[in-house]
Amino acid sequence: EHLDRAELYGLGMWEAGADGLAFLYAPLLREALVRRLDQRSSESVAPIRRTVALWASEHGRHLEALANAMRAKDYVLASRLGRKSWFILSRSSPEDVEALLRRENPVVLARHPLLGMLLALVLLRLGQRLRAFAYFQGAALSLRRRGLDDDPVERFWMLSAKTLAERFAGQFLRFGATADLVVAA
């Protein structure tokens, strides 16, 4: 009802998509809302950004989802969303993903190696193999220090990322052993 009234006032419109109807705010209103959110403390808007990230991911707006998760400083969610859509992101907007992740503190990428892996894969897509190599090495080192997760899905993803990182970092002996662990998982 609120959104129908907003449409009557010209503040946005309903649009049909693959997932059903979605309300799109008018660009000026959207910019005003974003500006208003940016004026508030990051802790107070973090739950809003998490919600927007999940919504954007469900509606195929992968870059918006990743950006909102990163701005909420929810790096676990950002890792999960990046893992889910890394192929699409590396194909559709590699420069934007690189800019988004390079703005982040390198310590964050070391603590969340799947984000570092996403940056490395995007750099490979952009033809920057030497820069990607450093991120693959960092991810391989970070993942080597981690224990195996109890959740089988998380264990599979972490081992897969570790295998890829070791392979691209030139750690071929470890790569083979980790690949065996992926098969076992």
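The values are calculated or read from the model by the stated rules, or taken from the named source; none is laboratory data. Computed from a predicted model, the values in this text were never measured in an experiment. For neighbour counting, all protein chains shown are included, and Cβ atoms are generated from backbone atoms with ideal geometry for every residue, glycine included. With ligands, DNA and RNA removed, areas are computed over all heavy atoms of the protein, side chains included. Shrake-Rupley method; radii C 1.70, N 1.55, O 1.52, S 1.80 Å.
Values for this structure:
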{"read-out": "Filter result for the condition that a residue is buried (at least 20 other Cβ atoms within 10 Å of the Cβ), touching a residue at least 12 places away in the same chain (Cβ under 8 Å), closer than 25 Å to Phe172 by Cβ and among the polar types (S, T, N, Q), over Ser90, Ser142", "value": "Ser142"}
{"read-out": "Test: residue in the stretch 56-70 that is within 17 Å of Trp157 (Cα to Cα), buried (at least 16 other Cβ atoms within 10 Å of the Cβ) and either touching a Phe, Trp or Tyr at 6+ places or on another chain (Cβ under 8 Å) or in contact (Cβ under 8 Å) with a residue 12 or more places away in the chain (or both)", "value": "no"}
{"read-out": "Contacts under 9 angstrom Cβ, first residue in the stretch 96-113 being at pLDDT below 85, partner open to solvent by 70 Å² or more (accessible area, probe 1.4 Å), 6 or more apart", "value": "Ala110/Leu141; Pro113/Leu141; Pro113/Arg146"}
{"read-out": "All helices (runs of 4 or more DSSP H) inside the stretch 40-124 with 2 or more residues being within 21 Å of Tyr25 (Cβ to Cβ)", "value": "42-58, 62-71"}
{"read-out": "For Leu77: the one exception among (1) open to solvent by 50 Å² or more (accessible area, probe 1.4 Å); (2) within 9 Å of the chain's Cα centre (by Cα); (3) at pLDDT 90 or above; (4) not polar (S, T, N, Q)", "value": "(1)"}
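Residue-by-condition table, conditions (1) over 23 Å from Arg91 (Cβ atoms); (2) of a type outside the set (Asp, Glu); (3) touching a Phe, Trp or Tyr at 6+ places or on another chain (Cβ under 9 Å):
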{"site": "Val107", "(1), (2), (3)": "yes, yes, no"}
{"site": "Arg111", "(1), (2), (3)": "yes, yes, yes"}
{"site": "Arg131", "(1), (2), (3)": "no, yes, no"}
{"site": "Gln137", "(1), (2), (3)": "yes, yes, yes"}
{"site": "Phe168", "(1), (2), (3)": "no, yes, yes"}
{"site": "Phe172", "(1), (2), (3)": "yes, yes, no"}
{"site": "Thr178", "(1), (2), (3)": "yes, yes, no"}
